[in-house]
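The values are calculated or read from the model by the stated rules, or taken from the named source; none is laboratory data. Every value quoted in this text rests on a predicted model; they were computed, and no experiment measured them. Ideal geometry is used to build each Cβ from the backbone, glycine not excepted, and the neighbour counts take in all protein chains shown. The accessibility values were calculated without ligands, DNA or RNA, using every heavy atom of the protein model including side chains. Shrake-Rupley method; radii C 1.70, N 1.55, O 1.52, S 1.80 Å.
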Amino acid sequence: MRRLTGSTSFHLVSMCLLAIGLSGGFSLQANSMEKPGVNTIFSERELQTAAWIRDAARQDNLSYKILESLTTEVGPRMAGTPGDARAVAWAESKFKELGFDKVWKEPVTFPSWKRGVEKAEIVSPFPQPLAITALGNSIATPDNGLVADLIEFASLKDLVAAPPEKIKGKIVFINHKMQNSNEYGLVVPGRSSGASEAARKGAVAIIIRSVGTDSHRFPHTGVMRYEAGVPPIPAAAMSNVDADMVARMIKRGKPVSLKLELSSSANGSYTSYNVIGEITGSELPNEYVLIGGHLDSWDLGTGAIDDGAGCAIAMSAAEFIQRNRIKPKRTIRVVLFANEEQGLFGGKAYLEAHRQQISRIQAAAEADLGQGPVTKMSSFVRAEALPLVKQMQMVLAPLGIEAGDNNAFPGPDMGDLRLAGAASFGLALKADDYFDLHHTPDDTFDKIEPARINQAAATYAVFAWMAAQAPLHFGSGPELEKLNKK
Ligand SMILES: [Zn+2]
């Protein structure tokens, strides 16, 4: 690769340090690379390298192998469990084995939760067991379970609108069917806040239709929250096919009574870690492209699509660049975030630890929507960098990737970084089957297709390399922070 001479390199670094000293962050004007006569687009040679990465990384199967290793050697890794600790140890040793220049971990502390027994059955009029799971954070039922009649609502909205006298003493059943992957945001509030809405009206428990698009007998877990000042009640989800069956029972017009038994409980405070690996940049090592996924999973499956895939995509993208000795100017930092599932704890801890250095982030993008392929690339950068984004999109177009807008969301653990002013990219993953498997026992490695995950890993490799090599700072800092508020 083209290298600048030592003295030019020093000049660039010292200009950056000067800018930090003067303004507490990179002043956009003070960036030496933007003076007249300096390229603000990628060179022909850089574009050729990027195209080579695209084609060669797609033939590389490392992301698949990393995911095979994580799901086989660690398996379920719910935050705060022994699996969490094993995943942290796995990640540290995997980064080292893959030849990353620097590997470290940063602590993330959160309240932990344990699952315990989870059982439900219809007691009358048609007794039979149901496939259910406790929602994350749920309290337990009394020791031998609780029995009450069900009251069905088509959505959280309908529950909120209903009179309390119809609900008092009953188990609320929210039967909101998720039709496709675009409806997650529409349906998931019933999971997260249904319990407190139901409890406010005197319900003794809540059981929801799983938030998922499959028609298998697997319930989907996921986190829920208790509102302060409202009594907590047990919260569970039943499989989609059980929800259909229970709805058919209710339609027959007689009271349908359900027995629910959960022994889940809060489990004290736990400290896990964001595990971080870096490929050090050749000229601007203090600026970095941030990619990653979340290391924790739910406990029912082995977290292959959520989010072992994201971890494997990001790790393999950076490793590909390292292995092929094509180090870009800036550092590529891979963060495997702790405990995303129960409240974005890893992302929040990362922001707190690095808030003073937002301007060092050249670009941020997290993979957390399955195994790919990537279908669209959008950005959130200052206007001067848009011609570079356009070039990145052109390099990626042969992979079937559309060009998106300049209002990208970088992923759950990086969302707050964008709000704090980090230049961000959204590499949209195809999610048509994602919510069939998400948070179920069926989220396992056999669902992974090499061609899909390899395309995603190649996309991340191209994105990370081009962003890290770009002749312009993408604008992380106060200017982009302000743009968020417009
Ligand atoms: Zn996830």
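Only one of these is closer than 29 Å to K348 by Cα and open to solvent by 50 Å² or more (accessible area, probe 1.4 Å): W104, W90, W113. Name it. Every option except W104 fails the conditions.
Filtering A468, A464 for residues that are buried (at least 23 other Cβ atoms within 10 Å of the Cβ), among the small types (G, A, S), within 23 Å of the chain's Cα centre (by Cα) and farther than 30 Å from Q342 by Cα leaves a single hit, A468. Applying the condition of being under 13 Å from G415 (Cα atoms) and surrounded by 24 or more Cβ atoms within 10 Å (Cβ to Cβ) to the stretch 351-367 and asking which residue is farthest from the ligand (Cβ to nearest atom) yields A363.
Could you run through the stretch 125-148 and say how many residues are under 18 Å from V241 (Cβ atoms) and not hydroxyl-bearing (S, T, Y)? Final tally of qualifying residues: 7. Restricting attention to the stretch 351-392, the residues that are among the hydrophobic types (A, V, I, L, M, F, W, C) and in a helix (DSSP H, G or I) total 9.
I need the full set of residues from the stretch 165-180 which are closer than 30 Å to D436 by Cβ and in a loop (DSSP other than H, G, I, E, B), in order please. Give the derivation first.
Keep residues of the stretch 165-180 that are closer than 30 Å to D436 by Cβ, which gives 171-180.
Across the stretch 165-180, the qualifying residues are N175, H176, K177, M178, Q179, N180.
Filtered by the rule that a residue be touching a Gly at 6+ places or on another chain (Cβ under 8 Å) and either basic (K, R) or surrounded by 14 or more Cβ atoms within 10 Å (Cβ to Cβ) (or both), the stretch 150-169 gives S155, L156, L159, I167, K168.
Here is a check on your reading of the model: is A422 more than 16 Å from the ligand (Cβ to nearest atom), in contact with a Ser or Thr (Cβ under 6 Å, 6 or more places away or on another chain) and within 16 Å of L336 (Cα to Cα)? Judged against the criteria, A422 is not a match. For the stretch 59-73, filtering for residues that are polar (S, T, N, Q) and part of a loop (DSSP other than H, G, I, E, B) leaves 2. Of the candidates A247, A237, A243, the single residue that is surrounded by fewer than 21 Cβ atoms within 10 Å (Cβ to Cβ), touching a strand residue (DSSP E or B) at 6+ places or on another chain (Cβ under 7 Å), under 21 Å from K157 (Cβ atoms) and of a type in the set (A, V, I, L, M) is A247.
Go through the stretch 252-303 and report how many residues are among the small types (G, A, S) and open to solvent by 30 Å² or more (accessible area, probe 1.4 Å). Within the stretch 252-303, residues that are among the small types (G, A, S) and open to solvent by 30 Å² or more (accessible area, probe 1.4 Å) number 7.
Tell me whether the stretch 120-131 contains one or more residues that are surrounded by fewer than 22 Cβ atoms within 10 Å (Cβ to Cβ) and under 30 Å from Y350 (Cβ atoms).
Initial filter on the stretch 120-131 (surrounded by fewer than 22 Cβ atoms within 10 Å (Cβ to Cβ)): 121-129, 131.
Cutting the leftovers down to under 30 Å from Y350 (Cβ atoms) gives us none.
No - not one qualifying residue is present in the stretch 120-131.
Scanning the stretch 300-350 for residues that are within 13 Å of the ligand (Cβ to nearest atom) and on the phi > 0 side of the Ramachandran plot yields G303, N339, G343, L344. G222 passes all but one of (1) touching a residue at least 24 places away in the same chain (Cβ under 8 Å); (2) open to solvent by 10 Å² or more (accessible area, probe 1.4 Å); (3) on the phi > 0 side of the Ramachandran plot; which number fails? Among (1) touching a residue at least 24 places away in the same chain (Cβ under 8 Å); (2) open to solvent by 10 Å² or more (accessible area, probe 1.4 Å); (3) on the phi > 0 side of the Ramachandran plot, the lone unmet condition for G222 is (2). I326: out of contact with any His (no Cβ under 8 Å at 6 or more places or on another chain), part of a strand (DSSP E or B) and closer than 30 Å to Q48 by Cα, yes or no? So I326 does not fit the description; no.
Whether any residue in the stretch 397-413 is at positive phi, surrounded by 22 or more Cβ atoms within 10 Å (Cβ to Cβ), within 16 Å of the ligand (Cβ to nearest atom) and modelled with pLDDT of 95 or more is what I want to check.
Start the filter on the stretch 397-413 by keeping residues that are at positive phi, which leaves 400, 411.
Filter again for surrounded by 22 or more Cβ atoms within 10 Å (Cβ to Cβ), leaving 411.
Of the ones still in play, those that are also within 16 Å of the ligand (Cβ to nearest atom) are 411.
From what is left, the residues that are modelled with pLDDT of 95 or more are 411.
Checked the stretch 397-413: at least one residue is at positive phi, surrounded by 22 or more Cβ atoms within 10 Å (Cβ to Cβ), within 16 Å of the ligand (Cβ to nearest atom) and modelled with pLDDT of 95 or more.
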